[in-house]
1. Give me the pairs: first residue in the range 164-183 and within 17 Å of Gly130 (Cβ to Cβ), second residue near the ligand (Cβ under 9 Å from one of its atoms) and β-branched (Val, Ile, Thr), beta-carbon distance under 6 Å, and six or more apart or on different chains, which are they?
2. Pairs please, first residue from the range 100-126 and of a type in the set (Gly, Ala, Ser), second anywhere and part of a helix (DSSP H, G or I) and surrounded by 17 or more Cβ atoms within 10 Å (Cβ to Cβ), Cβ atoms under 6 Å, 6+ apart in sequence or on different chains.
3. When the residues of the range 54-85 are filtered to those that are touching a Lys or Arg at 6+ places or on another chain (Cβ under 9 Å) and acidic (Asp, Glu), which remaining residue is surrounded by the fewest Cβ atoms within 10 Å (Cβ to Cβ)?
4. Only one of Glu23, Glu43 is buried (at least 16 other Cβ atoms within 10 Å of the Cβ) and of a type in the set (Asp, Glu). Can you tell me which?
5. Please enumerate the residues belonging to the range 71-92 that are within 16 Å of the ligand (Cβ to nearest atom) and either aromatic (Phe, Trp, Tyr) or free of Cβ contacts under 8 Å to residues at least 24 places away in the same chain (or both).
6. With the structure loaded, tell me whether Leu178 is more than 14 Å from Ala6 (Cα to Cα) and in contact with a strand residue (DSSP E or B) (Cβ under 9 Å, 6 or more places away or on another chain) or whether it fails that test.
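Just so you know, all these numbers are worked out from the coordinates, no wet-lab data involved. Since the structure is predicted, the reported quantities are computational estimates derived from the model, not experimental observations. Please note: Cβ atoms are built from the backbone with ideal geometry, for glycine as well, and neighbour counts cover all protein chains shown.
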Amino acid sequence: MTTILALLGSPKPNGTNSLLIDEVLRGAAAAGDVEVQKILINELKVAPCQSCDYCMHTGRCRLRDDMESVYEKIVAMDAFIFAAPVYFNGMSAQAKAVVDRCQPFWSAKYIVKTDVFGGRKRPGIFIATGGQPLYNEQFIGSLHVINLYFKMIGVNNSGTLTLADLDARPLAGRPDDLAQAFALGRKLIAGDRHNVS
Ligand SMILES: Cc1cc2nc3c(=O)[nH]c(=O)nc-3n(C[C@H](O)[C@H](O)[C@H](O)COP(=O)(O)O)c2cc1C
């Protein structure tokens, strides 16, 4: 059984990112036995990081809100999906709040020097969508963030899906993109089997 944690960074529960997560999950379920935890960040209380440095000394966050259960799930999961719309050439505030609140994992690794993930490297997929037609650097901001983020939470990128032009061309009329999402889900599970620290 592979436990998949999927974090949705769009405020739209049934928007493009949510549909793409569901398609990745369908692909994963077709490839193996999975348990799914899909979390809509927008429905959680996640305060922005306060840069209080508490985690620098403890490897843990001082703030008490819904991130507490997200931390637990990030440690326990076997595979990861993170999806976020592009807002002003970066990821949505909902998504970035969760990323920034994962600073305790950075502190644990580099300052406190504890191995929170027990050497485990889990496969992960990143999904990003833009409303505008594809333009230069549309996804660069999000991709830079996610590269560092995956590293900090013990995730190996096993696939990235970036889709542009969603305002004019909604996902419903894009079977190839949906098929790509499904294929990534299959790969997520196959990759899980072959991934050792
Ligand atoms: C505040 C805001 C900023 C946005 N900025 C961009 C942008 O810089 N580039 C772009 O291509 N689309 C931009 N969009 C469009 C969203 O990326 C698009 O609606 C989203 O990817 C659709 O995904 P969703 O249905 O999962 O929310 C923006 C939308 C909002 C609400």
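1. Leu166/Thr16; Leu166/Thr129; Leu171/Thr16
2. Qualifying pairs under 6 Å: Ser107/Cys55; Gly124/Phe150.
3. Within the range 54-85, the match that is surrounded by the fewest Cβ atoms within 10 Å (Cβ to Cβ) is Asp65.
4. Glu23
5. Kept after step one, since they are within 16 Å of the ligand (Cβ to nearest atom), are these residues of the range 71-92: 81-92.
Listed by number, the residues that qualify are Phe82, Tyr87, Phe88.
6. Taking the combined requirement at face value, the residue does not satisfy it.
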